[in-house]
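Q: Structure provided below as structure tokens; questions to follow.
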Amino acid sequence: MLIDTVRGVAIFGVVLFHFVWDLEFSGLIDGIAFHPVWLAFGRLLAGTFMFLVGVSLVLAHGKGLKLNRFVTRVAMIGAAAISISFVTWIAFPQTYIFFGILHAIAVSSLLGVLFLNLPALVSLISGAGLLILPQFLKLELFNTRWLAWIGVSSSPPPSNDFVPILPWAGLTLIGVFLAKIFYKKSGDSRSFPDLHNTKLTRILSWMGRNSLLIYLVHQPLLLVIILPVARMLR
């Protein structure tokens, strides 16, 4: 399926992004991981995932909300997000991930599901509003970690991964809008265009279907390899 393949490309990009970050963290390279172009690449990946949240909601629940399936999925992502926060709080207490991509996906899923039975235009207008609002509203009150996740803080706390609801959930609602446009009344996901069935697309599709697992395990695996190599080369 096209959506799985796109998600597979995105999770491959995440692994590549963190691979470069780990190389710089270990001292093997310098000046790349925090370059504006590389950081923009990371934001593009986050935006892709947030957009796909909306598309996936329509594909999975276009004929009606499958409550058990939805709750199970959100609970899994939420549990993974909490685990990421806990681990990074131990490893990087000053810049731990208090609201990263998994947190944003979980909350945006809860928001996006409210728009499934609304007209597509409502999702578009609401999504555009969420994207624009932080440009005009910034409040010091929201600068603490307890409130910065909303996305209207004037100076959010430092974090290794910060994906606040505003503006990122706007991309989820735009994903809902576009999915509804392509999603036919029959509820057949095959109404979406698809890619040719090749070995590469099958691999990427598999990665997309297992993106949560890959996200959780890739960093520990990378660090287990990179940190000893960095020590050996010093």
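The values are calculated or read from the model by the stated rules, or taken from the named source; none is laboratory data. In this text the structure is predicted, and so the values were computed from the model without any measurement. Glycine gets a Cβ as well: all are built from the backbone with ideal geometry, and neighbour counts include every protein chain shown. Accessible surface is based on the protein model in full, side chains and every heavy atom, while ligands, DNA and RNA are left aside. Shrake-Rupley method; radii C 1.70, N 1.55, O 1.52, S 1.80 Å.
Q: What is the total of Lys pairs in the chain with C-alpha atoms under 28 Å apart, excluding same-chain pairs fewer than 8 positions apart?
A: So the count works out to 6.
Q: Using a 1.4 Å probe on the protein heavy atoms, what percent of the accessible area of the chain belongs to carbon and sulfur?
A: 72
Q: Which helices, counted as full DSSP H runs in the chain, have an axial Cα extent of no less than 30 Å and a Kyte-Doolittle average of 1.0 or above?
A: Answer set is 2-25, 36-61, 67-91, 211-233.
Q: Something else about it: For S153, enumerate residues with amide H under 5 Å from its amide H, sequence gap 5+ or separate chain, H modeled in the peptide plane.
A: L139
Q: Once ligands and nucleic acids are excluded and a 1.4 Å probe is used, how much of T48 is accessible, expressed in Å² to the nearest 10?
A: 40
Q: May I pose another question? Note down the accessible area of L141, probe 1.4 Å, to the nearest 10 Å².
A: 130
Q: Provide the packing ranking of 103-110, 118-125, i.e. peptides ordered by the mean count of other C-beta atoms within 10 Å per residue, highest first.
A: Ranking, from highest mean packing down: 103-110, 118-125.
Q: While we're here: Ranked from highest to lowest mean number of other Cβ atoms within 10 Å per residue, what is the order of the peptides 30-37, 130-137?
A: Top to bottom by mean Cβ count within 10 Å: 130-137, 30-37.
Q: What ranking of V152, V15, V71, V224 comes out by heavy-atom accessible area, probe 1.4 Å, highest first?
A: V224, V71, V15, V152
Q: Quick check for you: with a 1.4 Å probe and neighbouring chains kept, what is the accessible area per residue of region 1-74, in Å²?
A: On a per-residue basis, region 1-74 sits at 50 Å².
Q: Output the relative contact order of the chain, whole-number percent, from Cα pairs under 8 angstrom with separation of 6+ residues.
A: 34
Q: Further question: Quick query: amide H of F162 versus all other amide H atoms, modeled in the peptide plane; which residues come in under 5 Å with a sequence gap of 5 or more or a different chain?
A: Counting only residues 5 or more places away or on other chains, the set is empty.
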